[in-house]
Amino acid sequence: MGRIAALPTRGEVFVDERGGGRCLRASWHHEAGVVVLSLWQDGSCMGTFRLPAGEVPSFVASLTQGLTDGYAAREG
């Protein structure tokens, strides 16, 4: 890991609500068939996870289901 340059052009940055320079970066690497999820703090990469592109739909479905369940619990 180390200091970062610029975020790849095919990615997003999500800032951690706790602050402290924390963020999650999601970047597509189509040539390798993966999405790289990386955790950053104060401009330094603290860890990465390479999610195979074929598993992205399941990951997104899991996030969507968790969000749906959270709203249902508030209303119920």
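Checking each residue in the stretch 40-72 for being surrounded by 11 or more Cβ atoms within 10 Å (Cβ to Cβ) and of a type in the set (A, V, I, L, M) picks out Met46, Leu51, Ala53, Val56. Within the stretch 44-70, being assigned to a helix (DSSP H, G or I) and either more than 22 Å from Val15 (Cα to Cα) or charged (D, E, K, R) (or both) holds for Ala53, Gly54, Glu55, Pro57, Ser58, Asp69. I want to confirm something. Restricting to the stretch 36-72 and keeping residues that are at pLDDT 95 or above, within 22 Å of Asp16 (Cβ to Cβ) and of a type in the set (Gly, Ala, Ser), which single residue is farthest from the chain's Cα centre (by Cα)? If we take residues in the stretch 36-72 being at pLDDT 95 or above, within 22 Å of Asp16 (Cβ to Cβ) and of a type in the set (Gly, Ala, Ser), then Ser62 is farthest from the chain's Cα centre (by Cα).
The values are calculated or read from the model by the stated rules, or taken from the named source; none is laboratory data. In this text the structure is predicted, and so the values were computed from the model without any measurement. Heads up, the Cβs are rebuilt from the backbone with ideal geometry, glycines too, and the neighbour counts pull from every protein chain shown.
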